[in-house]
Amino acid sequence: MDEQERNAAMIASRLLRERYLKDPHRPGYHLMVPEGLHSPVDPNGGLFWNGRYHLCYIYQHDKRHYWGHVSSLDLVHWRHHPPALAPDPDDGEGDGIFSGGAFVDPQGRAVISYWKFSPKSGLAIATSTDENLDVWVKHSGNPLIPEMPGRRGVAMVQGVDGKEHLASAADPSAIWMHNGRYYVLTGNLIVLHEEGLKKNNPARQGDTLYLFTSDDLIHWRYVHEFYKSDRRWTAADEDCMCPDFFPLPASPDGGAPSGKHMLLFISHNHGCQYYLGDYTGDRFLPQTHGRMSWQDREFFAPESLADAKGRRIMWAWLINPRGPRSAADSPEAAAQQAAGWSGEMSLPRVLWLGDDGTLRMKPADELKSLRYRPVEQRGLTVSPDRPLLIEAVRGRSMEVEMETHAPARGAVGLEVCCSADGRERTRIYYDAVEGALKVDTRESGPLQGTRIVESAPLSLRSGEPLRLRVFVDKSIVEVFANDRQAIARHVFPSEGSDAVRLFAEGAQASVPVLRAWQMMPSNPW
């Protein structure tokens, strides 16, 4: 690159930064993919390595799929690396690197397992040993679990029983070791649709995973279906993809495992969900099921890692409702093209097992380092159907903590991104009648976005106060309740819609304490 080309590139880079910084809807502290407009943008390959958090993600270039790569010391500020994985030279349009995971083998190598999505599709691996994980070497024998020619997502595999089985190599999990052997899981999307739904075969319907084992990471044999889905929890047309399987800690601080395992996954029609249960005899026995997306699939493609403390930290792709998959002639697509960006990750969530055997979750404590300009108000009272404006709290990049005693029959919560005339608002509240945490975006503004009431089950115990943590980040509202439930939604308010109000329905509500902070953007632009 000569001086003229270098100067032109620097000017273009500066102009792009300035354009992004002026965008009122581009998130400032949610991790953003830097490469522009993309879909899918699944987070993948999460790994804690040499004191740093590493996360990969899918993005598109030259109409093929790559893995980008970022790392961080604090889960807040991220360094962008060269792409971790690129398509093979013979991969064509639409081909490339699809979802997978990462682990460290006994020799101290970082090992990525991924879905090689191409005419020669199947499970593939790549390894790295350098300090920054900048150089990944693909195995020369990829794909190590090949899929059938012309049938991506379907494989005829040799089993440990010596027989052939119909399975898949799609979306492999991170590899793990158990009783001295390697194991990996693969997803059932294509098998479900081709063998279960199209052929009306109940034995192939519903979500499941395929378990494979190896002694050397290279030669894999099929074991069996890892678990059996249950129609009490999931529908016959729900798949299991982007699987992430791990022992769940007993504490938000990490430490010893709880004795229960967690399976995080998606169904493509209903988004992120999970099972908690027992891992025994090479089988997973789910005991409870939960979702992280209820009315649609905006919370999608989970990925997690365990850090040096043993904390289990997860992210998900927040599918932008005005993203590249919008109809080509829609206002959403036009707005997205004009903005020039997509690819937002959820805040890092810490997961652990509660004393009652149910899942606990909260935002990572590291996010508190972004707080500034604190506000605290105590002893507030909210009358029914008379919203209370909190004059000292407003903004589009902030965190609000609220504790309240919810009415026995009614609702209580707060409204963010409110306009002065009251026509725009995003409502976040606890519905005591339905026992649910809700986020209502139906009046979030006239701009593009999904108008919906996302409703997540949450039952407060007798006398238990409602504790909310609400994060507003330009076009993302993410809320956590009582370390037991969370919802993330996109909103696209108008300029100036930045007020905060408390409200109650059905009965008066007391708010012993409300705290708020402005949040410092951590993205470079």
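The set of residues in the range 425-450 that are surrounded by 18 or more Cβ atoms within 10 Å (Cβ to Cβ), touching a Leu at 6+ places or on another chain (Cβ under 9 Å) and either touching a residue at least 60 places away in the same chain (Cβ under 8 Å) or not in a strand (DSSP E or B) (or both) comprises 427, 429, 432. Take the residues of the range 146-168 that are assigned to a loop (DSSP other than H, G, I, E, B) and not charged (D, E, K, R): which is surrounded by the most Cβ atoms within 10 Å (Cβ to Cβ)? Ranking the qualifying residues of the range 146-168, first place goes to 168. Could you tell me whether any residue of the range 141-151 is in contact with a strand residue (DSSP E or B) (Cβ under 9 Å, 6 or more places away or on another chain), under 21 Å from residue 82 (Cα atoms) and of a type in the set (D, E, K, R)? Within the range 141-151, not a single residue is in contact with a strand residue (DSSP E or B) (Cβ under 9 Å, 6 or more places away or on another chain), under 21 Å from residue 82 (Cα atoms) and of a type in the set (D, E, K, R). Tell me, please, whether a residue that is under 28 Å from residue 225 (Cβ atoms), among the small types (Gly, Ala, Ser) and in contact with a Pro (Cβ under 6 Å, 6 or more places away or on another chain) can be found in the range 123-130. Within the range 123-130 (the criterion being under 28 Å from residue 225 (Cβ atoms), among the small types (Gly, Ala, Ser) and in contact with a Pro (Cβ under 6 Å, 6 or more places away or on another chain)), the answer is yes, since at least one residue qualifies. Residue-level check: of (1) crowded, with 17+ Cβ neighbours inside 10 Å; (2) among the β-branched types (Val, Ile, Thr); (3) at pLDDT 95 or above, residue 453 misses just (1). For the range 297-334, filtered to residues that are modelled with pLDDT under 95 and small (Gly, Ala, Ser), the residue that is farthest from residue 491 (Cα to Cα) is 328. Count of the range 50-59 residues, restricted to those that are surrounded by 18 or more Cβ atoms within 10 Å (Cβ to Cβ) and in contact with an Asp or Glu (Cβ under 9 Å, 6 or more places away or on another chain), is 6.
Determine, yes or no, whether residue 407 is in contact (Cβ under 8 Å) with a residue 40 or more places away in the chain, assigned to a strand (DSSP E or B) and more than 19 Å from residue 443 (Cβ to Cβ). Answer is no for this residue. Evaluated against (1) in contact with a helix residue (DSSP H, G or I) (Cβ under 8 Å, 6 or more places away or on another chain); (2) on the phi < 0 side of the Ramachandran plot, residue 75 falls short on exactly one condition, (2). Please work out if residue 516 is in a loop (DSSP other than H, G, I, E, B), among the aliphatic types (A, V, I, L, M) and crowded, with 16+ Cβ neighbours inside 10 Å. Taking the combined requirement at face value, the residue does not satisfy it. One residue stands out in the range 1-39 among those that are aliphatic (A, V, I, L, M) and touching a Gly at 6+ places or on another chain (Cβ under 7 Å): the one that is surrounded by the fewest Cβ atoms within 10 Å (Cβ to Cβ), namely 37.
The values are calculated or read from the model by the stated rules, or taken from the named source; none is laboratory data. Bear in mind the structure is a predicted one, so any value in this text is a computation, not a measurement. Don't worry about glycine lacking a Cβ; one is built from the backbone with ideal geometry, like all the others, and counts go over all protein chains shown.
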